[in-house]
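What follows is one structure encoded as structure tokens, with my remarks underneath.
Each value in this text was obtained by applying a stated rule to the coordinates, not by laboratory testing. Note that the structure is predicted; figures quoted are calculated from it, not measured. Backbone-built Cβ (ideal geometry, glycine too); neighbour counts: all protein chains shown.
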Protein chains: 2
Amino acid sequence: MTERSRPLRADAARNRARVLQVAYETFAQEGAAVPIDEIARRAGVGAGTVYRHFPTKESLFQAIVADRMHQVIERALAQAAADPGEGLYAFLFQMAEQGATDLGLTDAVAGVGFDLAEALPDAERKFMDTVADILARSQRAGTVRSDVDAADIKTLIVGLQAMRRFRGDSELMHRVYPLIRAGLAVPEPPRSA
Amino acid sequence: MTERSRPLRADAARNRARVLQVAYETFAQEGAAVPIDEIARRAGVGAGTVYRHFPTKESLFQAIVADRMHQVIERALAQAAADPGEGLYAFLFQMAEQGATDLGLTDAVAGVGFDLAEALPDAERKFMDTVADILARSQRAGTVRSDVDAADIKTLIVGLQAMRRFRGDSELMHRVYPLIRAGLAVPEPPRSA
DNA sequence: GCCTAACCGGAACGGTCGCCCCGATTATAC
DNA sequence: GTATAATCGGGGCGACCGTTCCGGTTAGGC
């Protein structure tokens, strides 16, 4: 984002990339509670090196979440363009799945220990815009009831991520996910004849 | 549970009750991360006194969760007996509401930082039996589809608690809860005529 | 090849928390 | 009232974690 006055030295650039990559995988698998020392150890550098590139633990976490968020949004928009009717359902399931294997992203979306809207207002706004967009497409396609809004969907994502962490992949997909889908579907009008 | 060989001294019994009461309220409002020293301070005793009655922080937490769980189960069974059709829905909403204002209970149900099934197998089994019972009653009353089981309901409870923590009371009740309810309702057979 | 500025790593600091210890205190039996 | 045994409470220990510091090392221009 911010231009450096001078390019990083080769070893510094290499270490920065390694730290980012290791932190990415580690936060995803074990959540945001992993100590910086541990990330430094796995990256093969000292803790001081981590702090030189990222002044606080939160700044490292933010850099990763912003990137992850970007990926999720891009993928969701592509899916929604390809199949508007399924777009929202695909997005919901993708977020549930991602959130379970990516504890950092879950915490960020749910605002646990790190206020996404405050720390990365652009990412938060773009995320909500994307949700609204995908939702609107599916509603126009007639596969989602019209009386839900983007905030409702975000709430469902938070819930689904919690469920996915609690229960296995296939069980959630085969047993609980259909219930959510049935709840979001356009209700059948009451049969009067 | 276990009988004491000699009754507690009067001041000891009073302190024990105070600690339990304060811990009950504190864990409910602020989650299980509150330090023991803080609970001791609020109860007006020293940390040593807390540890004399409860050898570890977890044992104190367990004592509280077991009690809360008992209350929730009793109340749910009474509701289900009074109105079987609404029993499951009332239970779900009650658990969501309780879980949001009772972070300790939420953590216990979801198994975060404390394995309920391992630490209090009786409470866990009774909880699951109760869920199964209430669910079966509502299914017999025809208000809940027959292809969901108690494990699905528990998963939904975990999700609802997360949602409730994320969003306010009335919003969850008015906007998201109806979606869950619609998903659990007996599906209308497809109109062929 | 040399010089210097940039960078490295890990030891160390300050703060927090679970848990224990022990001199002081107090309830209870006689 | 006195003895005594249970209880009290707060200071302290050890572990952990985020962050800083600084002596040693190395990349890169000349």
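In terms of its C-alpha gyration tensor, the protein assembly as shown comes out oblate, because a/c is 1.5 or above while a/b does not outweigh b/c. The alpha carbon gyration tensor of region B:1-88 gives principal lengths a ≥ b ≥ c with a/c of 1.5 or higher and a/b greater than b/c, which makes the shape prolate. In this Cβ point-charge picture (+1 for Lys and Arg, -1 for Asp and Glu), the protein assembly as shown has a dipole of about 580 debye about its Cα centre. Shown in residue order for region B:163-169 are the 3J(HN,Hα) couplings computed by the Karplus curve 6.51 cos²θ - 1.76 cosθ + 1.60 at θ = phi - 60°: 5, 5, 6, 7, 10, x, 3 Hz (x for Gly and Pro).
When the Cα gyration tensor is reduced to axis lengths a ≥ b ≥ c, the ratio a/c is 1.5 or higher for chain B, and with a/b above b/c it is classed as prolate. Only Lys, Arg, Asp and Glu carry charge here, each on its Cβ (+1 for the first two, -1 for the last two); on that basis region A:8-146 has a dipole of about 380 debye about its Cα centre. Across region B:10-27, rounded Karplus estimates of 3J(HN,Hα) from the backbone phi angles (6.51 cos²θ - 1.76 cosθ + 1.60, θ = phi - 60°) give 4, 5, 5, 5, 5, 5, 4, 5, 5, 4, 4, 4, 5, 5, 3, 5, 5, 4 Hz, Gly and Pro being marked x.
Helical content alone sets the calculated 222 nm signal of chain B at -23000 deg cm²/dmol, taking -39,500 (n - 2.57) per DSSP H segment of four or more residues and averaging over every residue.
Working out 0.36 nm times the residue gap between B:Arg42 and B:Ala151, then minus their Cα-Cα distance, what length gain in nm do you get to one decimal? Before the final figure, lay out each step's value.
Values: separation 109, 0.36 × 109 = 39.24 nm, distance 3.83 nm.
Here the segment from B:Arg42 to B:Ala151 would lengthen by 35.4 nm.
When we measure straight from the Cα of A:Lys154, which lysines land under 24 angstrom away, once same-chain ones fewer than 8 places off are left out? Result set, ordered by chain and number: A:Lys126, B:Lys154. Distance from the Cα centroid of region B:119-137 to that of region A:114-151 is 37 Å (rounded to whole angstrom).
Distances between equivalent label points of B:Ala17 across the copies, with each point positioned 7 Å along Cα→Cβ, amount to 6.8 nm, shortest listed first.
Seen from B:Gly183, the other residues with C-beta closer than 11 Å to its C-beta sum to a net charge of +2, counting Lys and Arg as +1 and Asp and Glu as -1.
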